Amino acid sequence: MRLNFKKVSAIAASALMVGMTMGVAAAATTYPAPFVSGTGADVAIVYGTGAGVSALDSIQGYNINLDLQARMGGSEGTTTSATGGDSKILSTSARKLYYGDAINAAYSALGASELGSVLADGTFTDLSGTAYGYIQTVKIGTAPISYGTSSGDLSDPVLYIDAGTTATAITNLYNYTLSFTKNLNVSDGVNVQGQKVKILGVDYVIGTSSTNTTLYLYGSGETMVVTGAETKTVSISGTDHTIKLITTADATHATITVDGVSKSVVEGSNYAFSGDINVYIKDVIHPAYAGDIRQAELIVGASTLKLVNGATVKKGADATSVQGTSVRVAAAGDGIISGFTVAIAAAKAKNDSIEIGQDFIDPVFGGLKLTLAAANPDLDSTSRGKIAVRTDDTSSAYVTFTSALAGSAGEKEFQYVYDNDTTSTTTAPLLAGSQTVNSANGRGRIHVMEGETAKQGDWIVVNQGDAGKILYVEDISLDTETTGTVTFSDAITGESIPITVTNVTGSVTGGHTMTGNMFGGTGYTVTVNSLGTALNVTWDNVATRTLFPRIKLANGGWMAFLTSTNITNASNLILPNGITSLETTGQNYTALGNEGATIGNITRDDGIDWIISNNTAGTDLTVWGINNTFSGVSQTTCNFNVTRGPAILYIEPKKWDDSTHGDIICIPMGAGTTEITIGDPVFNGTNSGYLSLQTDTYMKKAVDKYGAIVIKEDRTNSNGVATINFPSSQMYFDVVFSAIGTSISGGTAGSVGGQIGNVVVKDTEVSSVSSKNLIVIGGSCINSVAANLLGGAACGTGFTDKTGVGSGQFLIQSVASTYSSGKVALVVAGYEADDTVNAATYLMNKGVDTTAGKKYKGTTATSAELVTTETA
């Protein structure tokens, strides 16, 4: 199953990619093989560090890293299938059915081209031999796919089709229509009445007394001819019944017995017998002279239908109304019709939900069924990602999630809130990763403003290149007046890395600075103060700062920590908005005037309404909440002000019809005054609203348009648990129309793929990954590994001479790795920065053959030519 990761676009990067993990075999190998195969990976991505290299080169490495992660296989999902008869799934590859959709969102009607047997075009032939062609169609109604208890009819909320009980042209499950190609006189008792027409695959006989407003139909039975004094046996629904013609009184009247019960009958009428047996008297033959034959043609077990224009369908000999139906007989003259329509809905409100795996069988003609076959993925699927928030029921809160770069570390529970108030009557929730929180030195705090001062023992959330990480400040050491070492560790993987800082003459801080790369990210600046007691980390330009850096999740989407934060008036900020790639220039936030502690303005940032208020006389601002709509400040908010405490933000990927951004779910702290509690998660998109469970009254659930399900538990003596289970791409539904007797098997989502982790390294670190297949980013001028693979360092025209790649072009070339026998190195390089970006994009989207010896030369992200096929 491919997870729905998005790529980060590099703006100006010069990079050459070399090396995919592949075996050196004659058979063609296509990206992502050999780097990723099934749930396994064998790959390292190497970027250059030579003179002139762009600080953004490694972004393409991250792009490919995340793309390979997205291609990591889990268990394969299955598709909905049907066997044994006609079937049609009501969706297409371009338009699936999603939560909240009407079932006619992709298809408005079905006919013979979709259900070739059950909706086959037919011909009705009367006794005179005149043929009347007809067409059968099913117009699909507006019944929605919902989540709930069907107005309290179900004990716990489920996904279902809300069939409703109103059968009209608009609000119903479907309309069945039979249209004749030329008008038919159904009142003709000689030629038309008593003749058969096939409806939804079932034979029906047009009955006597039919008019242009009332149509009688008899069908679904066993047709037989019984001769006078003869007894016959017929099996209906597995039960044998004996039928006998006692006598005939004339050409229309007779006496029959069914299982010993005798009734006088009239030709063209229907009669009910015990055991739910109906008998339609199709024809009576009375002897014209003594000794002539007596016969009756019967339809035993017949379904009797009375279709009256503007009324419900009447069924059976006792003309019982079929609730949830409505008839329109299309009159075309005296006794003449052009066809008829029956609108179908559920019979009763208590049974108007079609749950996953359930069939709705046509209650009138019986030849058709509607099935909600599957939700993909289902709400309890193991393929879903998870964010879970809990407390220790006293002073701390924890969040569980899986980062896209977690690798083998997998799921992580991380403390993010600590109550810094030691009294038993009030709380002071802080964004803190440790209970070691001291106001004097700030230890244990989590910093979510780029450049904010941090100390040893703190955590810093960073997000260069939209691959967010949480870094723990392990140690700050100034060894001399000119150099020092800062040691960070990845809070998810535990990986530790020391970096060297050097004295910066004329620095504003008068401290020590490192500018460069760490943990695969590029363009970081780490500055330590002159005393060696504090530091800050930045990665954007001086005028722009990231606030609430987001962390990409393994199953798609992003997560961010939110806390009340003061910002300078007119700041340029990069916020964790709902778009699929981060802005680089930020948005400007300016106060509208001094409004004290009240709301100053709500600024929309691509899908998120941040609540910002003035905290002084127009000189500073405070970001303290998210509004759940775009319509004003009076709506419910996700409040993360100083009193309420930090919140967790989940940003969904885009839905199928989103033009710019996905929706969000925000988990605030509760309004507890004595202990840390978890509040109800807040949606900003279409959702079901919270629904309580009868089977567990401490639990409530809600589902949104993307398909995320939020579960909130508020148990006695517990301070709340909130869980978001989310799909990697938008949840969709398989709704199927099929013939009776067709077996429908719902599809299933695959399981989550393996974790590749962060496999991006510098060319100076290639020895640590030399046993792997390599993807080498950067040309031989700035990447020593590329130089080794391509026969030496070469810049400018020298690069053209070696590779044939000139201005405006890129190279993707696979060679046998010179670092490890049997491995492959894939070089991806452009003559200029933009050409390298095109090369990486082409690699990830165009099915590149990575067999050693293959070489591509291209000019755009979508255009390249395979120029050689030699075996290396």
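The values are calculated or read from the model by the stated rules, or taken from the named source; none is laboratory data. As the structure is a computational prediction, the values presented were derived from the model and not from experiment. Backbone-built Cβ (ideal geometry, glycine too); neighbour counts: all protein chains shown. Accessible surface areas use protein heavy atoms only, side chains included; no ligands, DNA or RNA. Shrake-Rupley method; radii C 1.70, N 1.55, O 1.52, S 1.80 Å.
Observations on the structure shown:
- Per residue, the convex hull around the alpha carbon atoms of segment 538-580 comes to 97 Å³.
- Column: log10 I(q)/I(0), Debye, Cα scatterers of segment 413-455, q = 0.33 Å⁻¹: -1.20
- One decimal place: the segment SER37-SER179 gains 45.6 nm when fully extended, by the rule 0.36 nm per residue minus the C-alpha distance.
- Straight-distance crosslink candidates among aspartates and glutamates, where the alpha carbon sits under 14 Å from LYS552 and sequence neighbours closer than 8 are dropped: ASP67, GLU411, ASP466, GLU652
- A straight chain from ASN569 to VAL642 at 0.36 nm per residue would run longer than the Cα-Cα distance by 24.4 nm.
- Dipole of the chain, positive direction: furthest Cα of ALA109, THR482, ILE551, with charges on the beta-carbon: ALA109
- Largest first, the extents of the alpha carbon coordinates of segment 752-872 on the three principal axes equal 37, 34, 28 Å.
- Between the C-alpha center of segment 308-361 and that of segment 410-488 there is a gap of 67 Å.
- Dipole of the chain, positive direction: furthest Cα of PHE640, VAL322, VAL526, with charges on the beta-carbon: VAL322
- Apportionment of accessible area to carbon and sulfur, segment 79-195, percent (1.4 Å): 47 percent
- Summed over all non-identical Cα pairs, the Kirkwood treatment of segment 176-244 gives a radius of 14.3 Å.
- Structure-based [θ]222 nm, the chain - -39500 (n - 2.57) summed over DSSP H runs of at least 4, per residue, nearest 500: -1500 deg cm²/dmol
- Surface analysis of the chain yields an accessible area of 38 Å² per residue, using protein heavy atoms and a 1.4 Å probe.
- What a 1.4 Å probe finds exposed on segment 637-697 is 46% carbon and sulfur by accessible area, rounded to a whole percent.
- Volume per residue for the chain equals 214 cubic angstrom (convex hull of Cα atoms).
- With a 1.4 Å probe rolled over the protein heavy atoms of all chains, the accessible area of TYR842, TYR416 falls in the order TYR842, TYR416, largest first.
- Area accessible to solvent at SER745, 1.4 Å probe radius, in Å²: 60 Å²
- Taking Cα atoms only, the orientation of helix 57-70 departs from the longest principal axis of the chain by about 30 degrees.
- Beta bridges per DSSP with both ends in the chain, % antiparallel, nearest 5: 95 percent
- Centre separation in Å (Cα based) which lies between segment 134-202 and segment 820-871: 56 Å
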